[in-house]
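Computed from the coordinates by the stated procedures, all read-outs in this text should not be read as laboratory data. Given the structure is predicted, the values throughout are model-derived calculations rather than measurements. Don't worry about glycine lacking a Cβ; one is built from the backbone with ideal geometry, like all the others, and counts go over all protein chains shown.
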Amino acid sequence: MKRLQRLRATVALRDMVSEIGFGQSQLIQPLFLSEGAIQEEPLSGLPGSSRHTLSSLLTQFEKDLAAGVRQFILFPVPAQKSNRTFRADFVGTALGQMRQRAGNDAAIWVDTCICSFTETGHCCVHDSRGGQDLAATHAALESLAVSYVKAGAVGIAPSDMNDGRVAHLRAALDKAGHDIAPIMSYSTKFASNYYGPFRDAADSTPQFGDRRSYQLDVRNRNDALASSRRCAEEGADLLMVKPGQPAADLIRPIHEQTGLPVGAYQVSGEYTSLVLLAREKFLDFEAGLLESWYNLRRAGASYIITYGARLASGMGLPR
Ligand SMILES: [Zn+2]
């Protein structure tokens, strides 16, 4: 059964998809958790963000809560890479402690993909001949997704772009008794040059080839729309375009074709370009950042994943 109640479950979720007004509650703050980190590692390509140890993650999380952030997306980076077995108990530990600190005041999503877990750095499992093993990929995503929700994630955000993954994840969550947990699908995700600074953060650079056989070709609008429609049909509750500004033309058409809330991921290349322009005094950083969010809202974005979510209330955006 399609549960329309999924996005009504908590104040944080209701505020996030409110169709009226614009505030910090509609911004999602990414956090990187590195199982192998010994200390917090600031990311040179993504100023203001770090790869965190569990302890520095919790400190940052508490600071962000105090700054009014109510939406988070966690990116787990395991210490051990594998091609078959993906262990994520460190994510469960972090989620449990985050939930202890925030209760239901914050919604914590977990980016659900395996490219930080695989030796290849790809978002899929490969078979012995080097081909894509879709069944093994689905199984890996299902077990990670169920473990994240069980540990306290409000919902999951599959980012892999493999065919059929939303249907498989929905079925797996339902079967495990989590039919109320929403799926925020990276539904229109392009193979983009704007992801550069992120790959260091998530330690997920492909070791061979690239992601063009599963991510979308920037030249193809029809495929981009079809990809989001497919996620909606398979049971996604929230859709997304990524990168945000470069794909802003697709946000409203996707909403009109599916009726679902559509968000935008303001990716590392977009965010860092503002930082670098400001460093050269070519623009005022906060004014430029606010403008970039307004642009995405005007294009129809319900929510925005942005590295600057924690700055919003300091910039005068209502909570
Ligand atoms: Zn991936």
**Prompt:** In terms of modelled amide H atoms, which long-range or inter-chain residues lie less than 5 Å from the amide H of Phe32?
**Reply:** Ser50, His52, Phe75
**Message:** With the alpha-carbon atoms as the only input, what is the per residue convex hull volume for segment 149-209 in Å³?
**Reply:** 125
**Fill in**
Karplus-derived 3J(HN,Hα) from phi for segment 75-92 (6.51 cos²θ - 1.76 cosθ + 1.60, θ = phi - 60°), whole Hz, x at Gly and Pro, runs 10, x, 10, x, 6, 9, 9, 8, 10, 9, 10, 10, 9, 9, 5, 5, 5, x
**Complete:** With label points set 7 Å from each Cα along the Cα-to-Cβ direction at Glu291 and Leu276, the distance between them in nm comes to 1.8
**Request:** Please list, or write none, the lysines whose alpha carbon is within less than 29 Å of the alpha carbon of Lys63, excluding same-chain residues fewer than 8 places away.
**Result:** Lys150, Lys242, Lys281
**Message:** Rounded to the nearest angstrom and ordered from largest down, what semi-axes does the equivalent ellipsoid of segment 1-154 get from its C-alpha gyration tensor (root of 5λ)?
**Reply:** 28, 21, 14
**Asked** What is the distance, in nm, between label points placed 7 Å from the Cα along the Cα-to-Cβ direction at Lys81 and at Arg219?
**Response** 3.1
**Asked** What per residue convex hull volume, in Å³, comes out for segment 89-194 when only alpha-carbon positions are used?
**Response** 121
**Request:** Quick one: among Arg298, Arg84, Arg129, which has the greatest mean-square fluctuation in a GNM of the chain with alpha-carbon springs under 10 angstrom?
**Result:** Arg129
**Message:** Restricting the calculation to Cα positions, tell me the Rg (one decimal) and the Dmax (whole number) of segment 85-131 in Å.
**Reply:** 14.9, 47
**Within a Gaussian network of the chain (alpha carbon springs, distance under 10 Å), most fluctuating of Phe285, Phe117, Phe61** = Phe285
**Request:** Averaging over all projection directions, find the projected area of the Cα convex hull of segment 194-285 and quote it in nm² with one decimal place.
**Result:** 7.7
**Prompt:** If you wrap the chain's Cα atoms in a convex hull and average its projection over all directions, what's the area in nm²?
**Reply:** 15.0
